[in-house]
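Please read the structure below before turning to the comments.
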Amino acid sequence: MIRNWKSIGLAAFAAALSLSTSLADAAGVLTIGRREDSTTFDPIKSAQNVDNWVFSNVFDVLIRVDRTGTKLEPGLAESWTVSGDGLTYTFKIRDAKFSDGSPVTAEDAAFSLLRIRDNEGSLWSDSYQVVDTAEAADPKTLIVKLKTPSAPFLSTLALPNVSVLSKKAVEAGEDAFGEMPAAASGAFIVKEWRRGDRVILEKNPYFWEADRVKLDGVEWISVPDDNTRMLNVQAGQLDTAIFVPFSRVEELQKDPNLDVLIETSTREDHLLINHEHGALGQKEVRQALDMVIDKQAIVDTVTFGIGSVANSYIPKGSLYHYEDNYRYPYDPEKARAMLAEAGASGLTLDYIVNAGSEVDEQIAVLLQQQLAKAGVTVNLQKVDPSQSWDMLVAGDYDISVMYWTNDILDPDQKTTFVLGHDANMNYMTRYTSDPVKALVAAARLELDPKTREEMYIEIQKMAKDDVHWIDLYYSPYINVARKNIENFYQNPLGRFFLEDTVKN
């Protein structure tokens, strides 16, 4: 381990020392090292953790998920009631203010909910089509009427992307808001966004729980290279860092100045497949690819045994996960024969790899070697993580390993995003299946828990048979913090509770 760390060399060491220490050393300002830079501050226009995890610091939602990641609790809505027919929800908005001092009103909440449903730029529109109307009965009473009863509706209100925004601030300039939100409803305000470098947040004095917030500010600093990011924490250039490589856990745990934080997560890593590219549109070809990938070898080699083999898009421990879902056997010879029968012998694939991610690069090499056993040639294309998302959206890839963490408790969110044929093209895979699409829609409306569970089990079976993507492994969140940092915590849905973090 130490040899690998030292092999980073002078260039990386210089990069570590180049980090500004003025704010890192400042009392009450927490620095967090992460891979990617933010992409926007308009919540409806992103589906990436790099954004959502910051949105949760800057904006607040009507209903939150608690620290355990297992139940809902009041947010900007201090209470709510549901009509007997399950169609009308009445929310009482608490006495809260935006960062510009203006009150948070039911009109702002209605505007935010209808905007995520109707705005052409919304990536989450499909999840909110069940909303018929959203109106302010008075400044503190929001009434939402649904088109049909919806089991996941309350859970969807905890999604960071449906945070309550200032109607006035957004309507003053949507593009400008996405660059620098003029009003925040959460614990922190965006002071500055230095693109490609860092996001600088300040404590929001008008936040309704301002007394709870101990930090004066937070800096989310982009350090794409994993090893450099870890070196920065060890050298005291960063207070904390996320995405600790599996290979560094044991070494960092021995450092008396650090705490390695391993938290329960809903993370699943998977291989995305572009179904619109040639032979990849054939189910038999995708099944063959699944059979030639040795997932246990990936878990053992890349995660050092910390992860576990995934068998479903719904992660282990989450609502309606189907533990007995089918697992394709590892059989390279049969995979080779299946490819030949499908007319796909000698298949060549372009594989987009997030450069700088030790884990992604290790997986890429392993998959390249494993797929070769079935006669598949894989061309690795390393790109900056900030570019890979745009390439997925454009369909400019054949395969790519990505990951997902749930943002809400209900499986509808991820199911809609990856299988529901929504605006995201089933997580950019371009997978299509009318029976799956119909079942996803029906499961959203089913109110009986047992029946609904049976529907999600069937969805998991159908998705696995179609190989909408290839499930690889589940793993915990692994973060690191210096000893003077307390309560740097991430719940299973990925939310950082920076309201409670202390820098001593």
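The values are calculated or read from the model by the stated rules, or taken from the named source; none is laboratory data. Only a predicted model underlies this, so the values are computations on that prediction, with no experimental measurement involved. Here the Cβ is made from the backbone with ideal geometry for all residues, glycine too, and neighbour counts use every protein chain on show. Each accessible area value is taken on the protein alone, full model and side chains, heavy atoms only, with ligands, DNA and RNA left out. Shrake-Rupley method; radii C 1.70, N 1.55, O 1.52, S 1.80 Å.
First compute the accessible area of the range 336-470 with a 1.4 Å probe, then give the percent of it belonging to carbon and sulfur atoms. Intermediate results must be reported in sequence, preceding the final value.
Numbers: 2480 of 4910 Å².
Looking at the range 336-470 in its full context, I get 50 percent from C and S.
If the reach is capped at under 21 angstrom between alpha carbons, list the lysines near LYS191, excluding any in the same chain fewer than eight residues apart.
Here the lysines satisfying the reach criterion relative to LYS191 are LYS45, LYS97, LYS167, LYS168, LYS203, LYS214, LYS503.
Run the simple label-point estimate for ALA441 and LYS334 please: 7 Å along Cα→C-beta, distance reported in nm.
3.6 nm
Would you work out the charge dipole size for the chain about its Cα centre, treating the Cβ of every Lys and Arg as +1 and the Cβ of every Asp and Glu as -1, and quote it to the nearest 20 debye?
Details: 50 positive and 75 negative charges, 136 e Å.
The calculated dipole for the chain is roughly 660 debye.
Given charges of +1 on the Cβ of Lys and Arg and -1 on the Cβ of Asp and Glu, with all other atoms neutral, how large is the dipole of the range 125-278 about its Cα centre, in debye to the nearest 20? Display every interim value, and only then the final one.
Numbers: 16 positive and 26 negative charges, 84 e Å.
The dipole magnitude comes to about 400 debye.
Taking θ = phi - 60°, what integer Hz values does the Karplus form 6.51 cos²θ - 1.76 cosθ + 1.60 yield along the range 436-441, in sequence order, with x for Gly and Pro?
So the J values, rounded to whole Hz, are 5, 4, 5, 5, 4, 5.
Select from PRO329, VAL144, SER388 the residue farthest towards the positive end of the dipole of the chain; place +1 on Cβ of Lys and Arg, -1 on Cβ of Asp and Glu, and compute about the Cα centre.
PRO329
Calculated from DSSP H runs of 4 or more alone, at -39500 (n - 2.57) each and per residue, what is the 222 nm mean residue ellipticity of the chain, nearest 500?
Details: 18 runs with 161 residues, N = 504.
Mean residue ellipticity, 222 nm, calculated: -9000 deg cm²/dmol.
For the range 261-267, in order, what is each residue's ³J(HN,Hα) by Karplus, 6.51 cos²θ - 1.76 cosθ + 1.60 with θ = phi - 60°, in whole Hz (x at glycine and Pro)?
Values, residue by residue: 9, 10, 10, 4, 9, 10, 6 Hz.
Evaluate E = 1/(1 + (r/R0)^6) for MET462 and ARG94, where r is the Cβ-Cβ distance and R0 equals 30 Å; express this FRET efficiency to the nearest 0.05. Could the numbers behind the result be given before it?
Details: r = 42 Å, r/R0 = 1.42.
It comes out at approximately 0.10.
Can you tell me which aspartates and glutamates have their Cα less than 14 Å from the Cα of LYS71? Leave out same-chain residues fewer than eight positions away.
By straight Cα distance, LYS71 reaches ASP407, ASP410.
Classify the chain from the C-alpha gyration tensor, please: rounded if a/c falls under 1.5, else prolate or oblate depending on whether a/b exceeds b/c.
Numbers: a/c = 1.92, a/b = 1.14, b/c = 1.68.
Here the chain falls in the oblate category.
Would you list which lysines come within 26 Å of LYS373, measuring only between C-alpha atoms, while excluding same-chain residues fewer than 8 positions from it?
Candidates past the 8-residue exclusion: LYS283, LYS295, LYS334, LYS382, LYS464.
Would you mind getting the accessible area per residue of the chain, heavy atoms of the protein chains only, 1.4 Å probe, in Å²?
Working: 18900 Å² over 504 residues.
For the chain, the per-residue accessible area is 37 Å².
Using the Cα centre as the reference, give the magnitude of the dipole from point charges on the C-beta atoms of the range 155-204 (Lys, Arg: +1; Asp, Glu: -1; all else neutral), rounded to the nearest 20 debye. Mind showing how you got there, number by number?
Working: 7 positive and 7 negative charges, 37 e Å.
The dipole magnitude comes to about 180 debye.
Taking the Cβ of ARG115 as the center, what net charge do the other residues with Cβ under 11 Å away carry, scoring Lys and Arg +1 and Asp and Glu -1?
Values: positive: LYS45, ARG117, LYS167; negative: ASP42, ASP108, ASP118, GLU120, GLU171, GLU174.
Value of the local net charge: -3.
Rank by packing, highest mean first: peptides 41-48, 430-437, 367-374, 53-60, with packing defined as the count of other Cβ atoms within 10 Å averaged across residues.
Details: 41-48: 21.9, 430-437: 16.5, 367-374: 18.8, 53-60: 25.2.
Going from most to least packed, we get 53-60, 41-48, 367-374, 430-437.
Would you mind pulling out the separation of the Cα centroids of the range 148-213 and the range 238-291, in Å?
Cα centroid to Cα centroid, the span is 28 Å.
So, in nm, how far is label ARG430 from label ILE306 when the simple model puts each one 7 Å beyond its Cα toward the Cβ?
Rounded to a tenth, the inter-label distance reads 3.5 nm.
Give me the distance in nm between label points sitting 7 Å out from Cα along the Cα-to-Cβ direction at VAL383 and LYS191, one decimal.
Distance between the two pseudo-spin positions: 3.5 nm.
Give, in nm to one decimal, the length gained when the segment between VAL393 and ASN504 is fully stretched (0.36 nm per residue of separation minus the Cα-Cα distance). Could the numbers behind the result be given before it?
Values: separation 111, 0.36 × 111 = 39.96 nm, distance 4.26 nm.
Result: 35.7 nm gained on full extension.
Sort 222-234, 128-140, 485-497 by the packing proxy (mean of other Cβ within 10 Å over each peptide's residues), most packed first. Don't skip to the end; give the middle numbers.
Details: 222-234: 23.0, 128-140: 16.4, 485-497: 20.1.
Packing proxy ranking, top to bottom: 222-234, 485-497, 128-140.
Identify the residues of the range 459-477 with backbone N under 14 Å of a label point that sits 7 angstrom from the Cα of LYS316 along the Cα-to-Cβ direction, or state none.
472-477
Can you grab the distance from the C-alpha centre of the range 29-71 to the C-alpha centre of the range 408-458, Å, no decimals?
Cα centroid of the range 29-71 versus Cα centroid of the range 408-458: 24 Å apart.
Counting only DSSP beta bridges with both residues in the chain, tell me the antiparallel percent, nearest 5. Walk me through the intermediate numbers first.
On the way: 55 of 72 bridges.
Among the beta bridges of the chain, antiparallel pairing accounts for roughly 75 percent.
Using DSSP, restrict attention to beta bridges with both residues in the range 267-474 and report what percent are antiparallel, rounded to the nearest 5. Working shown, then result.
Details: 12 of 21 bridges.
Of all bridge pairs located within the range 267-474, approximately 55 percent are antiparallel.
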